[in-house]
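Chemist: What follows is a single structure, and I will ask about it in a moment.
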Amino acid sequence: MSRMGEWVEDARRESPASIVPNWIVVILLAIVLPLSMFAAGTSVLPGDVAITRFVQGNLPGVFEPLVGAANLIGTAPAMISIALVVSVGLLARGHRRYALLVVGATLAQVANIALKLTLESPRPSSSLVQVSEQTSGFGFPSGHTMGTTVLALILLYVATRLMADGLTRRLVQSALLFVPLLTGIARIETGAHWPSDVLGAWIWGTLAAIAVVMLSQRSWNGFSLPANRPARSIKNTIAVPDMSGD
């Protein structure tokens, strides 16, 4: 079987419906859509101030270096660089489909900007909480958190598909889940985002990752031939004149 044939068969085994059950998507939408509507405008959601003050006043000092690293990883240049490096590595090993999937994770930035411009939610005010990072633009959902969520979940999917089951794979999976969690906490700790901004980013990021994976599956399934339909030979499709004479 050719390399393209292997990719097609792999895509066929991973049907979009089997990636995430529909009921999970419905629950996530049922949570994030009302949350997004409440976050829109100029009001501060109940609990945002109290949770932010708690995180800022009780985060252990050992987490400070991790907070700084998470804030750096969550920037667009850092995430794009990570995605490109991983994609090149996947291409070198012949995993073109997964390389394109990882590149697709960067599209989360476009979705995040669209959500922010639509909702116009304010960022934390220094009159209410400590703001150690001066930022501009709207708050909901957090761009750092949403970006790392999408990239981490897609890398989690790729690692689960390609790595052999064992301790190494479980460690990689745990680390990938920890990164967006830490990034969200870091954005609250610096006063760059409200907890509701972070929660919305986790959910929207999860939905975006699911969408990217499902779209990739549908695209690659389009390359496959219908089941049990043999390929026709040239002789069956082109009329061959009789050259044997009368």
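The values are calculated or read from the model by the stated rules, or taken from the named source; none is laboratory data. These numbers come from a predicted model, not from an experiment. Cβ sites come from the backbone with ideal geometry, for glycine too, and all protein chains shown count toward neighbours.
Chemist: Answer with yes or no whether Ser216 is assigned to a helix (DSSP H, G or I) and modelled with pLDDT of 95 or more. Full working, then the answer.
Modeler: Values: assigned to a helix (DSSP H, G or I): yes; modelled with pLDDT of 95 or more: no.
Considered against the rule, which asks whether it is assigned to a helix (DSSP H, G or I) and modelled with pLDDT of 95 or more, Ser216 comes out as no.
Chemist: Kindly indicate whether Ser132 is among the small types (Gly, Ala, Ser), out of contact with any strand residue (DSSP E or B) (no Cβ under 6 Å at 6 or more places or on another chain) and within 25 Å of Ser36 (Cβ to Cβ).
Modeler: No.
Chemist: Could I ask something else about it? From Ala78, Ala70, Ala108, grab the single residue that is assigned to a helix (DSSP H, G or I) and without any contact (Cβ under 8 Å) to a residue 40 or more places away in the chain.
Modeler: Unique residue meeting the criteria: Ala78.
Chemist: Which residue, of Val44, Val62, is modelled with pLDDT under 90, in a loop (DSSP other than H, G, I, E, B) and either surrounded by 11 or more Cβ atoms within 10 Å (Cβ to Cβ) or of a type in the set (A, V, I, L, M) (or both)?
Modeler: Values: Val62 fails: in a loop (DSSP other than H, G, I, E, B).
Among Val44, Val62, only Val44 is modelled with pLDDT under 90, in a loop (DSSP other than H, G, I, E, B) and either surrounded by 11 or more Cβ atoms within 10 Å (Cβ to Cβ) or of a type in the set (A, V, I, L, M) (or both).
Chemist: Let me ask you something else. Could you tell me whether the range 95-115 includes any residue that is of a type in the set (Val, Ile, Thr) and over 14 Å from Val212 (Cβ atoms)?
Modeler: Restricting attention to the range 95-115, the residues satisfying the condition of being of a type in the set (Val, Ile, Thr) are 102-103, 106, 110, 113.
From the residues that got through so far, the ones that are over 14 Å from Val212 (Cβ atoms) too are 113.
The answer is yes; a qualifying residue exists.
Chemist: May I pose another question? Can you confirm whether the range 149-164 contains a residue that is under 24 Å from Val44 (Cβ atoms) and not hydrophobic (A, V, I, L, M, F, W, C)?
Modeler: Taking every residue of the range 149-164 in turn, at least one turns out to be under 24 Å from Val44 (Cβ atoms) and not hydrophobic (A, V, I, L, M, F, W, C).
Chemist: I would also like to ask the following. For residues in the range 105-140 being small (Gly, Ala, Ser) and exposed (fewer than 15 other Cβ atoms within 10 Å of the Cβ), which is farthest from Arg187 (Cα to Cα)?
Modeler: The initial filter retains those residues of the range 105-140 that are small (Gly, Ala, Ser), namely 105, 108, 111, 114, 121, 125-127, 132, 136-137, 139.
Now narrow it down to the ones that are exposed (fewer than 15 other Cβ atoms within 10 Å of the Cβ): 114, 125-127, 132, 136-137.
Values: Ala114: 20, Ser125: 14, Ser126: 14, Ser127: 17, Ser132: 10, Ser136: 14, Gly137: 14 Å.
That would be Ala114.
Chemist: Which numbered condition trips up Thr52, out of (1) modelled with pLDDT of 90 or more; (2) among the polar types (S, T, N, Q); (3) under 29 Å from Met214 (Cα atoms)?
Modeler: Thr52 satisfies every listed condition except (3).
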